[in-house]
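I have placed the structure first, in the form of structure tokens, so that the comments after it can refer back to it.
What follows is calculated from the coordinates using simple rules that are stated; it is not laboratory data. Being a predicted model, the structure only gives us computed values, none of them experimental. Every residue, glycine as well, gets a Cβ built from its backbone with ideal geometry; the counts of neighbours run over all protein chains shown.
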Amino acid sequence: MKGPHPSMDDQDPDSGALALDAGEPGPALPGLDAASAAPGYQVLARKYRPQRFSDLIGQDAMVRTLSHAFQSGRIAQAYMLTGVRGVGKTTTARLIARALNYESDERSGPSVEIDPPGRHCDAIARSAHVDVLEMDAASRTGVGDIREILDGVRYAPVSARYKVYIIDEVHMLSNNAFNALLKTLEEPPPHVKFIFATTEIRKVPVTVLSRCQRFDLRRVPRDTLSAHLKNICDQEGAEVETAGLDAIARAAEGSVRDALSLLDQAIVQGSETGPVPASRVREMLGLVDRSRVLDLLDAALSGKGEAALSELEGQYAAGADPQVLMRDLLDYLHAMNRVKATGGKADIAEAPETAARIRELADAHSLASLTRLWKTALSGLDDVRSAPDPMLAVEMSVIRLMAAASLPGPEDAAKLIAALEAGAPLSLQEGPSQAAPAQDEAYVPGAQAVEDAVEPDPAPPSSLESLDDVIALLDAEREVLLRDHVERYVRLVSIGQGKLVFEAAKGAPEDLASRLAGFLHAQTGARWLVDSQGRASGGETVRERRRREAEALRETAMRDPAVLRAMTLFPGAELESVTPLESDTPPAQMTDAGTQRQERKP
């Protein structure tokens with residue numbers, strides 16, 4: 001198999017294993033003096049790579065499962081490690097290889113207790129053991145590469161207990177390569193174990209997954225990762241403010257390797273007077289002070305448009321990244337939802353003053369309003385990712401948050417509708433999250449706007465007593481598109497007294513009720529409540545009614561003796577249309593008594 005091959009200098013004369021004591025320098029090579037051979041700086045991600053299972057953070061479930069399996073002798077023939085980048089898949093694979101081959105003076109069987117290191121541990125950790133072979137499937141994807149593995153499977157290990165094959169990024173293998181591996185993977189020799197690692201578990205064939213014991217390596221929680229970074233700083237003799245470590249943990253998104261790489265950068269920022277300040281870390285990460293993000297959210301949800309947009313411009317000028325800014329807004333809205341859902345008992349892993357401010361903001365909004373705001377911000381993040389100018393997308397997202405915060409919640413809408421049905425004066429109590437909309441109108445989802453604390457407008461002209469009257473008015477005003485939508489999607493429940501209630505048919509535009517209410521207001525001079533959100537079931541749509549009436553008229557005509565006679569005289573003839581002679585009303589305008597009674601219901 002191609003791959004990293006150890007040098008002869010690493011050969012252990014006693015065991016034949018590839019091992020080298022880390023404390024023993026190798027023989028000097030000609031032409032190199034001691035100074036040039038001195039080791040350089042080792043990055044934190046490599047220096048603090050876990051050397052035992054207890055060093056893994058956030059993976060307790062996997063360690064517990066492996067420990068029980070080894071103790072009971074139920075050792076799988078293949079393991080599948082999956083997770084996002086930097087959570088320790090390759091490191092865990094090497095630890096499992098060490099555990100499978102652990103051997104010391106006190107222990108001679110597979111064990112997760114690999115401290116102190118066994119005879120094979122050092123070589124395996126350095127990827128230099130002859131019986132533990134690593135392959136990167138990202139660069140070696142073909143069936144020929146897998147055949148090299150299969151050719152070596154038949155041979156017993158040189159010195160270790162098991163011959164272990166570690167295949168990283170296994171999802172990159174071709175279909176032919178996977179197929180070549182299946183048979184051996186299902187029935188491998190007893191001395192062979194496979195360990196696979198992947199970030200794209202969905203791309204691995206089910207036939208391969210079913211033959212492996214799967215471990216999903218979790219993202220490391222922010223507080224756990226921040227504590228880990230603090231511990232490393234203590235060992236390195238470096239000082240970084242806690243808020244700066246929290247910012248690094250947040251930016252790493254659960255990846256330990258990313259967090260340590262960022263910590264490397266943060267430490268070299270340095271500070272002559274004390275710890276590296278959090279502001280310098282945020283500047284390094286391209287972030288602004290998160291308290292300013294909270295200021296932005298507070299202004300937007302309070303309806304202070306000028307202050308919100310001014311704060312947004314200031315943050316962008318200070319170097320804020322648009323995507324990071326939207327993620328921070330989402331984080332705070334998520335925290336507000338958690339606080340509201342748990343009655344203020346949620347642990348939101350923020351500084352005490354920040355947590356208190358989040359709770360204060362959450363108290364000013366209903367849970368329904370907060371969930372709507374989070375969904376609005378989530379849509380904004382998608383816009384930022386795809387927009388040609390991300391900052392403009394952030395600005396529009398903030399404006400949409402302001403609009404969403406000004407809408408009354410579903411409970412307020414229900415109160416308005418109940419008041420209308422009872423004929424009582426309307427009143428909408430606006431809280432901090434419900435700033436008055438433009439033109440002093442409060443908008444109800446699915447219903448036309450009504451003014452706050454005013455008596456209902458006088459009933460519109462009595463000529464609008466049925467849905468056909470409304471359609472006739474739409475036709476007279478040449479509102480072709482709105483008329484088509486009314487005919488196709490409106491299942492009338494009731495009409496009268498300035499109120500039209502209907503059930504929306506499947507596929508109806510979301511703004512149909514508001515458009516119809518605006519049209520009626522413009523034509524009658526009175527305000528209409530057009531409601532499509534009620535629970536009552538409506539009748540058939542105008543389009544369905546006309547189709548039914550036309551079909552009934554056609555069936556009646558087909559039974560007419562004159563028509564039957566004509567069909568007999570002209571074989572193959574078809575009845576294309578039927579026009580009634582008894583009425584000047586075209587078929588499309590005919591209504592049955594039941595429909596008329598329904599549409600005239602007050």
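Observations, loosely collected:
- The range 333-370: trypsin sites (Lys or Arg not before Pro) falling in loop per DSSP and having at most 14 other Cβ within 10 Å: 345
- In terms of distances greater than 20 angstrom between alpha carbons, the cross-link table entries 203/375; 89/193; 163/183 yield 203/375.
- Calculated FRET value between residue 182 and residue 126, using beta carbons and R₀ = 30 Å, to 0.05: 0.45
- Gain upon complete extension [residue 84, residue 392; 0.36 nm per residue less C-alpha separation]: 107.8 nm
- Where N is the number of residues in the range 181-222, Cα Rg divided by 2.2 N^0.38 Å: 1.40
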